[in-house]
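**Q** Below is the structure I would like to discuss, written out as structure tokens.
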Ligand SMILES: NC(=O)c1ccc[n+]([C@@H]2O[C@H](COP(=O)([O-])OP(=O)(O)OC[C@H]3O[C@@H](n4cnc5c(N)ncnc54)[C@H](OP(=O)(O)O)[C@@H]3O)[C@@H](O)[C@H]2O)c1
């Protein structure tokens, strides 16, 4: 039987990769946007409980993916109450609405649940976030694990790939350097770059098997942000001379960042039988589909 898949937040980076993967399969798929109108998607504010109930009743999904979130760490730091309404409370309301159904919930958390001081991190290491975005992720993970333990929770790292808004790190590096502008990049923030279409494929594979629990879902290499930028230049044949390595303190980011959130992915690899794509592999795949 065809699987019915609802993607809440299909206008974003991860959501659009999920949508594309689902559309290429035989699934019946419905994707939503909130502020960024995209053809083919339906509007939905996750905070609108009545609208969420209606879409669940009408579409009757087997799987609900929730990449929807306010992801900008600075915005979350500035407005902890307003962003909690989306990142925590709306997900809790969704759990309430799913009660009594056997819908498989797939939620995306983050490597920012850790403080980055004691890498590598396994799934059961105790979270200790350094910013409000990470704190909201920890609260939501805990809610889901307690109230809907059949759910799948994935923790990606810095996600990159093609997207409508072009705001992810790889797209920004390409935009700045192609325009001949310099770009200051942190040399003291490390994590595991994660290619969005690969994350989508892994998420769908696990969801199809109805895998439950919490998994790290990142690429196999831990790179300082500056080294990731250099890898982007190497694959896209851009000069690295416009990249300026700086300590995080010089970036004046409104939210603290963890230093090194290298994630152990062996639990995921035991299930999918492979490592996720390394930066060079993901960037090469991205280059093939990126309009010049
Ligand atoms: N990007 C990363 O590097 C990264 C790293 C680790 C974890 N993650 C996690 O992965 C997930 C997906 O991230 P992403 O990079 O795809 O984020 P994104 O590109 O910013 O997309 C976020 C999505 O959430 C939707 N959204 C925002 N507020 C909403 C609301 N009130 N109701 C319904 N939808 C709403 C957005 O819709 P509109 O744009 O239409 O408003 C968009 O579709 C997030 O949970 C994020 O925390 C991301």
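**Q** Out of the residues in region 11-27 that are more than 6 Å from the ligand (Cβ to nearest atom) and under 18 Å from the mean Cα position of the chain (by Cα), which is surrounded by the most Cβ atoms within 10 Å (Cβ to Cβ)?
**A** 18
**Q** Check region 57-70 and report whether any residue there is at pLDDT 95 or above, under 16 Å from the mean Cα position of the chain (by Cα) and over 20 Å from residue 202 (Cβ atoms).
**A** Yes - at least one qualifying residue is present in region 57-70.
**Q** While we're on this one: Just give me the residues in region 245-292 being closer than 19 Å to residue 205 by Cα and part of a helix (DSSP H, G or I), in sequence order.
**A** 266, 267, 268, 269, 270, 271, 272, 282
**Q** For residue 176, state whether it is more than 26 Å from residue 242 (Cα to Cα) and either away from the ligand (no atom under 15 Å from the Cβ) or at pLDDT below 95 (or both).
**A** Taking the combined requirement at face value, the residue does not satisfy it.
**Q** Please count how many residues of region 1-24 are within 19 Å of residue 103 (Cα to Cα) and in a loop (DSSP other than H, G, I, E, B).
**A** Going through region 1-24 one residue at a time, the tally reaches 5.
**Q** Also, quick follow-up: Please find, among 95, 63, the residue that is more than 24 Å from residue 198 (Cα to Cα), away from the ligand (no atom under 13 Å from the Cβ) and in contact with a strand residue (DSSP E or B) (Cβ under 9 Å, 6 or more places away or on another chain).
**A** None of the others qualify; the one that does is 95.
**Q** I would also like to ask the following. For residues that are surrounded by fewer than 19 Cβ atoms within 10 Å (Cβ to Cβ) and either more than 9 Å from the ligand (Cβ to nearest atom) or in contact (Cβ under 8 Å) with a residue 60 or more places away in the chain (or both), tally how many sit in region 28-60.
**A** Total meeting the criteria: 16.
**Q** Condition test on residue 154, is it closer than 24 Å to residue 219 by Cβ, under 14 Å from the mean Cα position of the chain (by Cα) and more than 10 Å from the ligand (Cβ to nearest atom)?
**A** Against the criterion (closer than 24 Å to residue 219 by Cβ, under 14 Å from the mean Cα position of the chain (by Cα) and more than 10 Å from the ligand (Cβ to nearest atom)), residue 154 does not qualify.
**Q** Given the options 193, 258, 245, name the one that is surrounded by 21 or more Cβ atoms within 10 Å (Cβ to Cβ), more than 28 Å from residue 7 (Cα to Cα) and touching a helix residue (DSSP H, G or I) at 6+ places or on another chain (Cβ under 9 Å).
**A** Answer to the check: 258.
**Q** To continue, here is another question. Going by the structure shown, is residue 199 in a helix (DSSP H, G or I), touching a residue at least 60 places away in the same chain (Cβ under 8 Å), near the ligand (Cβ under 10 Å from one of its atoms) and touching a strand residue (DSSP E or B) at 6+ places or on another chain (Cβ under 8 Å)?
**A** yes
The values are calculated or read from the model by the stated rules, or taken from the named source; none is laboratory data. Keep in mind that what you see is a predicted model, and the values were worked out from it rather than measured. Ideal geometry is used to build each Cβ from the backbone, glycine not excepted, and the neighbour counts take in all protein chains shown.
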